[in-house]
Each structure stands twice: as structure tokens, then as C-alpha cells.
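**Student:** First, the structure itself, so that you have it in front of you.
Laboratory data are not the source of any read-out in this text; all were calculated from the coordinates shown. Nothing here was measured: the structure is a model prediction, and the numbers come from that model. For neighbour counting, all protein chains shown are included, and Cβ atoms are generated from backbone atoms with ideal geometry for every residue, glycine included.
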Amino acid sequence: MIPEPTDNLDPDVHTVIIELNRYMPEELHIKRRDSVIWKNNDNRLHTITWAAADFENAEIALNQTHEQVFDDRGTYYYFCNFHDNMRGVIYVE
């Protein structure tokens with residue numbers, strides 16, 4: 001199969017740091033097939049809870065990570081179940 005010109009043949013890995021009850025950055029623009037790693041540098045448990053995506057939600061303890069690959073274009077909103085002010089969004093182009 002010949003790849004489409006818009007296919008991402010060299011996916012990148014992006015990092016979101018969890019610190020001070022925030023996702024940093026809160027907004028991320030990536031390409032299809034890129035992955036995002038969340039790393040919890042905070043001293044408490046946090047979650048990656050998807051608002052409407054079919055991804056598995058994750059609890060992330062101190063110094064732990066969670067990785068998600070994004071195969072489809074779209075806008076993906078997420079939040080922390082434990083802290084209402086923690087919200088993020090991934091835009092997949």
C-alpha cells in the first residue's frame with residue numbers, strides 16, 4: 001500500500017508534564033500517529049480521563065507515566081477526575 005501524502009511516516013513523541021495541579025502544556029497540536037506521554041511530577045495522584053474518546057482512562061502516580069498514540073484526526077479533551085481545574089486538549093491534524 002502506498003502511503004498518502006498526509007500520512008505521518010515519522011511519528012513524534014510529545015510530553016505533557018503534570019505539576020502544580022496542571023497539565024503543561026494544556027493544549028497540544030500534533031500529527032496523526034504521534035504519541036503523547038504524560039509524566040506526573042506532582043506529589044499526588046492524577047488521572048487522564050477522556051471526555052469522549054474511546055481511549056482507556058489512566059491514573060498516574062508520582063513519577064509515573066502514561067502514553068497514548070493518536071491514529072485519527074480530531075480534537076481530544078481530557079481532565080483529571082480528582083481536580084476539577086485540570087483540563088487539557090489534544091488537536092490531531
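**Student:** On a full-extension model of 0.36 nm per residue, what is the gain between residue 21 and residue 37, subtracting their alpha-carbon distance, rounded to one decimal in nm?
**Tutor:** Values: separation 16, 0.36 × 16 = 5.76 nm, distance 1.68 nm.
Result: 4.1 nm gained on full extension.
**Student:** Below 12 angstrom from the Cβ of residue 90, what's the summed charge of the other residues (Lys, Arg +1; Asp, Glu -1)? Before the final figure, lay out the partial values.
**Tutor:** Details: positive: 31, 32, 73, 87; negative: 26, 27, 34, 72, 93.
Every neighbour counted, the sum reads -1.
**Student:** For residue 13, what charge total do you get from the other residues with a beta carbon under 10 Å from its beta carbon, if Lys and Arg give +1 and Asp and Glu give -1? Before the final figure, lay out the partial values.
**Tutor:** Numbers: positive: none; negative: 12, 34, 67.
Overall, the nearby charge balance is -3.
**Student:** If you average 1/r over all unlike Cα pairs in the chain and invert the result, what Kirkwood radius do you get in angstrom?
**Tutor:** After inverting the mean inverse Cα-Cα distance, the result is 13.6 Å.
**Student:** Would you mind counting up the charge near residue 26? Only other residues with Cβ under 13 Å from its Cβ, with Lys and Arg at +1 and Asp and Glu at -1. Mind dumping the intermediate values first?
**Tutor:** Details: positive: 22, 87; negative: 19, 27.
Residues close to residue 26 contribute a combined charge of 0.
**Student:** About its Cα centre, how strong a charge dipole does the chain have in debye, to the nearest 20, once Lys and Arg get +1 and Asp and Glu get -1 at the Cβ? Write down the numbers at each step before the final one.
**Tutor:** Values: 8 positive and 17 negative charges, 55 e Å.
Value, rounded to 20: 260 debye.
**Student:** For region 13-92, give me the percentage of DSSP beta bridges that are antiparallel, rounded to the nearest 5 percent.
**Tutor:** 65
**Student:** In percent, what relative contact order does the chain have, based on Cα pairs under 8 Å that are 6 or more apart in sequence? Mind dumping the intermediate values first?
**Tutor:** Numbers: 206 pairs, mean separation 28.1, N = 93.
So the answer I get is 30 percent.
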